[in-house]
Amino acid sequence: MKVALMSNPYNRVDLFEQAGFEVVEKPVRSTEDMIELLQDADGALVNTLPLTTREVMDACPRLKVLSRMGVGVDSIDLDAATELGILACNVPGVNTTEVADHAMALLLALTRCLPGAANACARGAWADERGTVGTYQRGVRRIAGHTMGIVGFGNIGRAFANRVRGFGPAAIIAYDPYVEQSTADLYGVRMTSFDEFLAEADFVTIHCSGTQETRHLIDAAALKKMKSTALLVNTSRGPVVDGAALAAALAAGEIEAAALDVTEREPVASDDPLLALSNCLVTPHIAGFSPTFLEECPIKQAENVIFALTGKAPHGLANPEVIKTIAVMRSNDPGRWANVPDFSTALAL
């Protein structure tokens, strides 16, 4: 069998070779490059860009499994993959620690005015601009006694709750329509409606998936419902927040400040209004990374493909409905799954 890899210094080519797969690895910069690389592959490792679209998958009749680095699979057309009988795999939990840590760091950067204060000190303001220093002294805030809000209460949201609890918030609330209060009780968190969440939270951190349902969840209307002193952190997916609406809200003082590790367009354009705002901190989508992640994730990403093509369940499957599609294919015309061992049915719905 043949496996296609988009060029990446962290790819574990050795694991595929040990498993007896033919490996092709090339740089990919466009949809055309992706089709050329994947068109006769049985499995593939894909990245955030280019998008793995229906056009790509339609052009790859042998393709059976796609494996994305990390947790997100928003770059893969899941409906098309499911319809065509292609597994869309990810690596759940591989960087939960890193993202929760980064979100906590961004929140602390905002509450303690760290970027502005550090930059002011570096230019000599401590000695020469006492008024500036006083501004930062009056601007710092405490987390204790305030309400912490978490959008998306999955693995990362829960990990963040564990971290922030040590800072003594008066309450931790969460909005996630797919999580029951009985689960949240285990973390000392109260689930709320979205409007209640926006009205109550002093600090908001976002940890939901990037889907059509969550696109622009934080839009102009939502921002207007937040406290004028609210701080917003997003380490999930850029499109969850309407970037233009956020820039306008920050400029107008509708909320106090924001810290983003993700933006609607990545990399963020150098002339994006968010970058010019003193009350907005942006980092370049680094929340999920660490040496440990870069060591562990490529192994599990490769194993997803190896497992799926050798009759084992992958680490993560973002489109579990595809198991039914494949079962129907196997009973009629197996197509791309011909002569491939059946994988575990434990993931079946």
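For the stretch 279-302, indicate whether the set of residues that are open to solvent by less than 30 Å² (accessible area, probe 1.4 Å), free of Cβ contacts under 8 Å to residues at least 24 places away in the same chain and closer than 25 Å to Ala248 by Cβ is non-empty.
Checked the stretch 279-302: no residue is open to solvent by less than 30 Å² (accessible area, probe 1.4 Å), free of Cβ contacts under 8 Å to residues at least 24 places away in the same chain and closer than 25 Å to Ala248 by Cβ.
Examine the stretch 81-89 for a residue that is assigned to a loop (DSSP other than H, G, I, E, B) and surrounded by fewer than 23 Cβ atoms within 10 Å (Cβ to Cβ), and state whether such a residue exists.
yes
Can you find a residue in the stretch 331-339 that is touching an Asp or Glu at 6+ places or on another chain (Cβ under 8 Å), in a loop (DSSP other than H, G, I, E, B) and over 17 Å from Val99 (Cβ atoms)?
no
Can you tell which of Leu63, Leu5, Leu15 is outside any loop (DSSP other than H, G, I, E, B), crowded, with 20+ Cβ neighbours inside 10 Å and on the phi < 0 side of the Ramachandran plot?
Leu5
Quick one: in the stretch 305-344, which of the residues that are more than 20 Å from Glu83 (Cβ to Cβ) and of a type in the set (S, T, N, Q) is least open to solvent (accessible area, probe 1.4 Å)?
Ser344
Restricting the search to the stretch 148-166, which residues are out of contact with any Phe, Trp or Tyr (no Cβ under 9 Å at 6 or more places or on another chain), touching a residue at least 24 places away in the same chain (Cβ under 8 Å) and either open to solvent by 60 Å² or more (accessible area, probe 1.4 Å) or in a loop (DSSP other than H, G, I, E, B) (or both)?
Selection gives Asn155, Arg163.
Mind checking which residues of the stretch 116-147 are outside any helix (DSSP H, G or I), among the hydrophobic types (A, V, I, L, M, F, W, C) and free of Cβ contacts under 8 Å to residues at least 60 places away in the same chain?
Selection gives Val140, Ala144.
The values are calculated or read from the model by the stated rules, or taken from the named source; none is laboratory data. On a predicted model such as this, the values are computed, not experimentally measured, just so you know. Cβ: placed from backbone, ideal geometry, glycine included. Neighbour counts: every protein chain shown. SASA here: full protein model, heavy atoms, side chains in, ligands and nucleic acids out. Shrake-Rupley method; radii C 1.70, N 1.55, O 1.52, S 1.80 Å.
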